[in-house]
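Here the structure is laid out as structure tokens; the discussion comes afterwards.
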Amino acid sequence: MSTAQTKHQESVIAAKPAMDTLRILSLVLIAVGIVISGYLSYVKLTNVAMVCVESGAFNCEVVQNSAYSRLFGIPIAWLGLATYLVMGAIILLEKRVAFLREYSAIMVFGINLFGWLFSMWLVYVQVVLLKALCPWCLSHEVVITILFVISGLRLRRSLSA
């Protein structure tokens, strides 16, 4: 075995624990995202009053009932929940399905990139257009941002391995 092959194998072995740590962090953040978007979906589906901090700039009702809370008639919360479920399924199955073993990092990054960009637009909508903030929505945006960074790291490590 050549020195180059040995060094490549050593770098792959060294990257494995970091990849597993990033995978676990991704799954934890996805679980948090499912809880947040699941609650928002439940509120939208049942029309119950949302638990919210109603003071100053915080007003969940304005955000949840605005014209921006739906996309093509579908509640944004449902789309967020679906996004987390799809990313979670891809990550959970990436070690079992050959196609996902090779392409899961880029798929999750692509989905996450779109979700992050859309979430940043929603922050703009809350701050500039509605002049009202929803703590639940903002917590989702924090989760999707951290997940975006982690999925970028996973993609980089996947491409270099």
Worksheet entry | Scope region 21-45; condition under 28 Å from G73 (Cβ atoms) and basic (K, R); matching residues | K44
Discussion item. Of everything in region 131-140, what is surrounded by 19 or more Cβ atoms within 10 Å (Cβ to Cβ) and either free of Cβ contacts under 8 Å to residues at least 40 places away in the same chain or assigned to a helix (DSSP H, G or I) (or both)? Give them in sequence order.
Written reply: W136, C137, H140
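Listed here are the residues, each with its yes/no results for (1) outside any helix (DSSP H, G or I); (2) over 14 Å from P135 (Cβ atoms); (3) of a type in the set (K, R).
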| residue | (1), (2), (3) |
| --- | --- |
| A31 | no, yes, no |
| I36 | no, no, no |
| V43 | no, no, no |
| V53 | yes, no, no |
| V63 | no, no, no |
| W78 | no, yes, no |
Item to complete: Would you tally the residues in region 97-109 being loosely packed, with under 14 Cβ neighbours inside 10 Å and within 14 Å of the chain's Cα centre (by Cα)?
Response: 0
Practice prompt. Evaluate the following for I76: is it surrounded by 19 or more Cβ atoms within 10 Å (Cβ to Cβ) and within 19 Å of L45 (Cβ to Cβ)?
Written response: yes
Worksheet item: Quick check: is even one residue across region 147-155 under 14 Å from F58 (Cα atoms), at pLDDT 95 or above and not basic (K, R)?
Response: no
Worksheet, complete the sentence: Selection over region 79-89 where residues are touching a helix residue (DSSP H, G or I) at 6+ places or on another chain (Cβ under 7 Å) and either surrounded by 19 or more Cβ atoms within 10 Å (Cβ to Cβ) or without any contact (Cβ under 8 Å) to a residue 12 or more places away in the chain (or both) yields a count of 5
Practice prompt. Pull up region 1-34, narrow it to residues that are over 11 Å from the mean Cα position of the chain (by Cα) and surrounded by 14 or more Cβ atoms within 10 Å (Cβ to Cβ), then point me to the one that is modelled with the highest pLDDT.
Written response: L25
Practice prompt. With the condition kept exactly as written, say whether any residue in region 92-110 is assigned to a helix (DSSP H, G or I), at pLDDT 95 or above, under 19 Å from S37 (Cβ atoms) and touching a helix residue (DSSP H, G or I) at 6+ places or on another chain (Cβ under 7 Å).
Written response: yes
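The values are calculated or read from the model by the stated rules, or taken from the named source; none is laboratory data. Treat the numbers as computed from the prediction; the structure is a model and nothing was measured. Note that each Cβ is placed from the backbone with ideal geometry, even for glycine, and that neighbours are counted across all protein chains shown.
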